[in-house]
Amino acid sequence: MTLEKLTKRFGATVAVDGLDVEIRPGRVTGFLGPNGAGKSTTMRMILDLDRPTSGRALLDGRSYSAYEWPLRHVGALLEAGAVHPGRTGRNHLLAMARSNAIPVRRVDEVLELAGLGGSARKRAGAYSMGMRQRLGIAGALLGDPPVVVLDEPVNGLDPDGVRWIRGLMRGLAAEGRTVFVSSHLLSEMQVTADHLIVIGRGRLLADAPLAEIVAGHASLEDAYYQLTDGSVLS
Amino acid sequence: MTRLRAAIGAEWTKLWTTRTVWWALLSALVLMAAGAGQYALYAGNGDLPASVFRDGLVPAGSIAVLALSFAQLAFLALAMLAMTSEFSTGTIRSSLTWVPARGRLLLAKCAVVAAVTFVTGVVAGLLGSLVARPLLDDLGTSAGVLTQSLKIGLYLAVLGILAVGLGAALRGPVLTLVVLLLLIVVVPPLLQVPDIAVLNAVADAMPGVAGNHFLEGDSPLVGLAIVSAWAIAAVLAGRAVLQRRDA
Ligand SMILES: Nc1ncnc2c1ncn2[C@@H]1O[C@H](COP(=O)(O)OP(=O)(O)OP(=O)(O)O)[C@@H](O)[C@H]1O
Ligand SMILES: [Mg+2]
């Protein structure tokens with residue numbers, strides 16, 4: 001996955017400012033940056049939800065919408081989850097599967113995998129935040145995609161859930177998939193990510209292996225504060 | 001084609017897995033039955049205009065068409081919400097990651113809404129006629145009921161497409177409903193009241209009045225062409241907005 005001079009402006013705000021990075025398969029790439037740094041906007045542009053002001057995001061040389069069945073190439077969890085509150089989790093995934101000609105049995109597989117087997121027939125509006133998050137992750141895995149994009153997947157998960165998603169991401173990367181994950185939980189990133197991309201105010205601050213970024217600091221947290229010093233919203 | 005079929009399958013599942021559709025269809029049938037009953041009683045009291053009579057008799061299907069002025073509101077709500085709920089609940093982001101081609105997503109939604117409003121529209125037409133016929137007694141006739149019901153279904157299918165397209169263009173449920181009501185319910189009578197040729201002609205070009213010409217008038221094809229033109233224009237506007245704006 002490559003981002004080429006990816007830029008997004010909302011009126012006067014530059015949300016993403018000329019990001020030029022490559023995200024490789026076979027490892028977990030953490031995406032860090034203060035609130036408003038442009039992480040979610042970048043991910044939305046990767047999925048062709050937001051149109052870049054300039055530059056582009058390519059997956060194996062093609063844009064997301066150029067894929068015949070995009071869910072089988074890229075699985076994504078976006079910030080809001082975006083599920084209709086009146087629809088059950090299972091029906092949500094069922095519609096999703098139909099849209100990309102994914103076999104229905106895969107729906108029950110990912111529901112089990114995400115630990116939602118018991119609540120699959122409850123309306124999503126009645127889900128707790130962690131359950132909604134699990135449903136979103138189940139959706140990201142539905143098409144068994146080689147690329148996984150997760151926007152703050154750990155949000156709202158209980159300790160078991162946190163450990164589960166950690167193992168899941170490591171496992172996906174070990175299978176040779178591309179895992180691109182944003183998070184504010186630095187301690188979690190320190191044990192999950194192989195590589196980090198750090199941005200502040202839309203600009204690239206670091207793009208390096210975890211070990212390299214942490215080197216010379218007591219922890220990732222220390223390294224992060226030094227990197228983002230001056231980029232934090234005030 | 002396979003992708004359009006898959007998108008239609010997803011939209012079909014989405015439509016039937018929230019409660020909105022059931023409430024809207026139930027309301028449509030209740031409004032149709034109640035309206036048809038009321039108009040049939042008017043006919044019995046001699047309160048209907050002469051234009052409703054055919055060879056001295058009132059066709060039950062024409063009573064269903066009169067009652068449609070109420071029932072179509074429920075169909076409009078159904079069609080409009082199928083699109084605008086995507087924006088109000090944020091599911092448009094999910095939908096567009098599943099089907100990134102904006103035009104295909106919109107086409108799939110139109111197909112599903114049109115299919116549902118067509119079939120239930122025919123059912124509503126038959127129901128209205130069925131309620132009206134016994135109340136009309138020897139004033140009424142069942143002639144042409146099936147044709148009239150099929151025409152009601154067709155009109156509601158085109159109207160459904162218009163509502164989906166407009167919903168995509170305007171995005172919010174409230175604004176979309178207001179514009180639909182203005183176009184179909186509010187503005188035409190205001191134009192027709194003064195009975196000036198120019199204003200009447202403008203009213204004839206509005207979707208609801210044109211639909212009425214299609215259902216009851218002398219030149220049904222012109223009426224159908226006008227409603228269809230509205231629907232196509234709304235869908236093109238909706239597609240343009242979906243393509244231009246960030247989700
Ligand atoms: N639809 C929008 N309209 C206007 N401005 C927007 C829009 N979406 C994002 N922004 C702005 O773009 C900037 C980047 O926002 P973004 O949500 O991408 O940040 P983030 O890194 O995901 O932050 P967080 O860590 O809080 O989730 C912010 O200044 C935000 O206010
Ligand atoms: Mg964010």
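Is there any pair with a first residue in the range A:32-46 that is open to solvent by 10 Å² or more (accessible area, probe 1.4 Å) and a second that is near ligand 2 (Cβ under 8 Å from one of its atoms) whose Cβ atoms are under 6 Å apart and which are 6 or more apart or on different chains, and what are they? Every condition considered, the pairs that remain are A:39/A:182; A:40/A:79; A:40/A:151.
Of all the criteria given as (1) assigned to a strand (DSSP E or B); (2) on the phi < 0 side of the Ramachandran plot, the one not satisfied by residue A:40 is (1).
Could you pull out the residue among B:186, B:123, B:179, B:119 that is free of Cβ contacts under 8 Å to residues at least 24 places away in the same chain and open to solvent by 50 Å² or more (accessible area, probe 1.4 Å)? Reasoning before the result, please.
Values: B:123 fails: free of Cβ contacts under 8 Å to residues at least 24 places away in the same chain; B:179 fails: open to solvent by 50 Å² or more (accessible area, probe 1.4 Å); B:119 fails: free of Cβ contacts under 8 Å to residues at least 24 places away in the same chain.
Only one candidate passes the filter, namely B:186.
Is it the case that the range A:18-25 has a residue that's in a helix (DSSP H, G or I) and modelled with pLDDT of 95 or more? Checked against the condition, which is being in a helix (DSSP H, G or I) and modelled with pLDDT of 95 or more, the range A:18-25 yields no hits at all. Of the residues B:156, B:76, the single one that is surrounded by 24 or more Cβ atoms within 10 Å (Cβ to Cβ), more than 14 Å from chain A (Cβ to nearest Cβ) and touching a Ser or Thr at 6+ places or on another chain (Cβ under 7 Å) is B:156.
In the range A:5-31, of all residues being near ligand 1 (Cβ under 8 Å from one of its atoms), within 13 Å of another protein chain (Cβ to nearest Cβ) and open to solvent by 30 Å² or more (accessible area, probe 1.4 Å), the one that is nearest to residue A:187 (Cα to Cα) corresponds to A:10. Taking the criterion of being buried (at least 17 other Cβ atoms within 10 Å of the Cβ), of a type in the set (S, T, N, Q) and either within 16 Å of ligand 1 (Cβ to nearest atom) or in a loop (DSSP other than H, G, I, E, B) (or both), the only residue of the range A:48-103 that qualifies is A:100. When the range A:44-89 is filtered for residues that are within 7 Å of chain B (Cβ to nearest Cβ) and of a type in the set (Gly, Ala, Ser), the ones remaining, listed by number, are A:65, A:76, A:80, A:82, A:86.
Quick grid of which residues meet (1) in a helix (DSSP H, G or I); (2) surrounded by fewer than 18 Cβ atoms within 10 Å (Cβ to Cβ):
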site: B:7; (1), (2): yes, no
site: B:10; (1), (2): yes, no
site: B:29; (1), (2): yes, yes
site: B:35; (1), (2): yes, no
site: B:38; (1), (2): yes, yes
site: B:42; (1), (2): yes, yes
site: B:48; (1), (2): no, no
site: B:63; (1), (2): yes, no
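Out of B:247, B:233, which single residue is small (Gly, Ala, Ser), part of a helix (DSSP H, G or I) and surrounded by 14 or more Cβ atoms within 10 Å (Cβ to Cβ)? Only one candidate qualifies: B:233. Working only within the range A:145-159, note down all residues that are in contact with a strand residue (DSSP E or B) (Cβ under 8 Å, 6 or more places away or on another chain) and away from ligand 2 (no atom under 16 Å from the Cβ). Correct list: A:145, A:146, A:147, A:148.
The values are calculated or read from the model by the stated rules, or taken from the named source; none is laboratory data. Remember, predicted model here, so these are calculated numbers, not experimental data. Please note: Cβ atoms are built from the backbone with ideal geometry, for glycine as well, and neighbour counts cover all protein chains shown. Only protein heavy atoms, including side chains, enter the accessible area calculation; ligands, DNA and RNA are left aside. Shrake-Rupley method; radii C 1.70, N 1.55, O 1.52, S 1.80 Å.
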